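Engineer: First the structure, then my questions, so here it is.
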Amino acid sequence: MKLLFIGDVVGKPGRRAVRDLLPRIIHRHDIDLAVANVENAAGGFGVTRAVVEEIYESRVDVLTTGNHIWDKKEVMEFIDEYETLLRPANYPVGTPGKGSVLFPVRNGFRAAVLNLSGRVFMKPVDCPFRVAEIEIHALKQKTKVIIVDMHAEATSEKQALGWFLDGEVSAIIGTHTHVQTADETILPKGTAYITDVGMTGPFDSVIGVEKETVIERFLTCRPNKFEVARGDVRLQGVVIDIDPETGRARTVERLSLKWGE
């Protein structure tokens, strides 16, 4: 079973890269399931219904998010309508939306995707480690293949979750910081891991935002309006080969493709 996980999609440039490059990636790597983190897909902050529909039309199967999921208030009106649009599972009980989903892939197999949020330097949500235990126990009754999006700021928190869940899930993929790390690996008990899968969007930027406005904010310590940059657009992600019978990852490969070439 081949999984593609696309790094945080930023604004219109990121969405265009997904639309144009994803069919080629699916064909080249024989992808069974395409997942993308989309919490920055609408102008760099949050999602709208139109953006969600656009990304589905680009052949992405499951959409994960993170702390920016609520930035566009309209998401509250539609998040429950999309089974495969996730928000972190460790948000408090009663929060709209869902944190995990089962998705059918080839030959009768199903894959589960679980979305979590970190707590270090982020909002104080429920413990991702304990929530993961509960969610994974339930998902294991239905599938051996479980993919975790760990949306977190701190490298240490992501690595700790990787070791905590090694052998319990097929892959733990870090998102949020938008800078692809070079530490992709298969942990000893068969779980694929990467601290950050990277960004799909403009790289002539500061993590997707126009450089000048970010520099100004650092220099002046005053708020200003962030705009999505436009230049040097790339799609980053990972392709993971998973044994559907055991749920163990066999290989993990980083991707970084330039849009327009």
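Engineer: How many nm separate the modelled label positions at Asp241 and His29, each set 7 Å beyond the Cα in the direction of the Cβ?
Structural biologist: 1.3 nm
Engineer: Roll a 1.4 angstrom probe over the protein heavy atoms and tell me the percent of accessible area of segment 1-144 that is carbon or sulfur. Walk me through the numbers before you get to the answer.
Structural biologist: On the way: 3220 of 6320 Å².
Reported share for carbon and sulfur atoms: 51 percent.
Engineer: Assuming a viscosity of 1.306 mPa s and a temperature of 10 °C, what translational diffusion coefficient in µm² per second does Stokes-Einstein assign to segment 163-261, Rh being the Kirkwood radius over Cα pairs? Walk me through the intermediate numbers first.
Structural biologist: Working: Rh = 15.2 Å.
The Stokes-Einstein estimate is 104 µm²/s.
Engineer: Which of Lys98/Lys158; Lys144/Lys189; Lys73/Lys158; Lys72/Lys225; Lys140/Lys189; Lys72/Lys158 have a Cα-Cα distance over 18 Å? Before the final figure, lay out the partial values.
Structural biologist: Details: Lys98/Lys158 21 Å; Lys144/Lys189 14 Å; Lys73/Lys158 28 Å; Lys72/Lys225 16 Å; Lys140/Lys189 16 Å; Lys72/Lys158 27 Å.
With Cα atoms farther than 18 Å apart: Lys98/Lys158; Lys73/Lys158; Lys72/Lys158.
Engineer: Quick check: the distance between the Cα centres of segment 15-38 and segment 75-153, to the nearest angstrom?
Structural biologist: 21 Å
Engineer: Under a point-charge model restricted to the Cβ atoms of Lys and Arg (+1) and Asp and Glu (-1), what is the dipole moment magnitude of segment 56-191 relative to its Cα centre, in debye to the nearest 20?
Structural biologist: For segment 56-191, the charge dipole is close to 320 debye.
Engineer: Over the Cα atoms of segment 112-222, how large are the radius of gyration and the largest Cα-Cα distance (Dmax), in Å?
Structural biologist: Looking at segment 112-222, its Cα Rg and Dmax stand at 16.1, 53 Å.
Engineer: If you don't mind, another one. Rounded to the nearest 500, what is the chain's calculated 222 nm mean residue ellipticity when only DSSP H runs of at least 4 contribute -39500 (n - 2.57) each, over all residues? All intermediate terms of the calculation are to be shown ahead of the outcome.
Structural biologist: Numbers: 6 runs with 65 residues, N = 261.
Rounded to the nearest 500, it is -7500 deg cm²/dmol.
Engineer: Between Asp204 and Glu81, what is the spin-label point distance in nm, taking each point 7 Å from the Cα along the Cα→C-beta axis?
Structural biologist: The answer from the label model is 3.7 nm.
Engineer: Long-range amide H contacts for Ala154: which residues qualify at under 5 Å (H placed 1.01 Å from N, peptide plane, sequence gap of 5 or more or a different chain)?
Structural biologist: Distant-sequence amide H within range of Ala154: Val120.
Engineer: Return the percentage of antiparallel bridges among DSSP beta bridges fully within segment 25-176, rounded to the nearest 5 %. If you can, show how the numbers build up before the last one.
Structural biologist: Details: 5 of 23 bridges.
So the antiparallel bridges in segment 25-176 amount to around 20 percent.
Engineer: List the relative contact order of the chain as a percent without decimals, with contacts defined as Cα pairs under 8 Å and 6+ residues apart.
Structural biologist: Relative contact order, the chain: 20 percent.
Engineer: Compute and list, largest first, the equivalent-ellipsoid semi-axes of segment 25-93 from the alpha carbon gyration tensor, each √(5λ) rounded to a whole angstrom.
Structural biologist: So the equivalent ellipsoid measures 22, 13, 11 Å along its semi-axes.
Engineer: Could you compute the net charge surrounding Asp241? Neighbours are other residues with a C-beta less than 15 Å from the C-beta of Asp241; K and R count +1, D and E count -1.
Structural biologist: Values: positive: Lys2, Arg28, Arg106, Lys144, Arg248, Arg250, Arg254; negative: Asp30, Asp32, Glu184, Asp243, Glu245, Glu253.
Counting the neighbours of Asp241, the net charge comes to +1.
Engineer: While we're here: If N is the number of residues in the chain, what value comes out of its Cα radius of gyration divided by 2.2 N^0.38 Å?
Structural biologist: Details: Rg = 17.1 Å, N = 261, 2.2 N^0.38 = 18.2 Å.
The reported ratio for this selection is 0.94.
Engineer: State log₁₀ I(q)/I(0) for segment 1-140 at q = 0.19 Å⁻¹ as given by the Debye formula over alpha-carbon point scatterers of equal weight, solvent excluded.
Structural biologist: For the requested q values the scattering log ratios are -1.16.
The values are calculated or read from the model by the stated rules, or taken from the named source; none is laboratory data. Quick caveat, the model's predicted, so the values are computed rather than measured. Counting neighbours? That spans all protein chains shown, and the Cβs are built from the backbone with ideal geometry, glycine included. Each accessible area value is taken on the protein alone, full model and side chains, heavy atoms only, with ligands, DNA and RNA left out. Shrake-Rupley method; radii C 1.70, N 1.55, O 1.52, S 1.80 Å.
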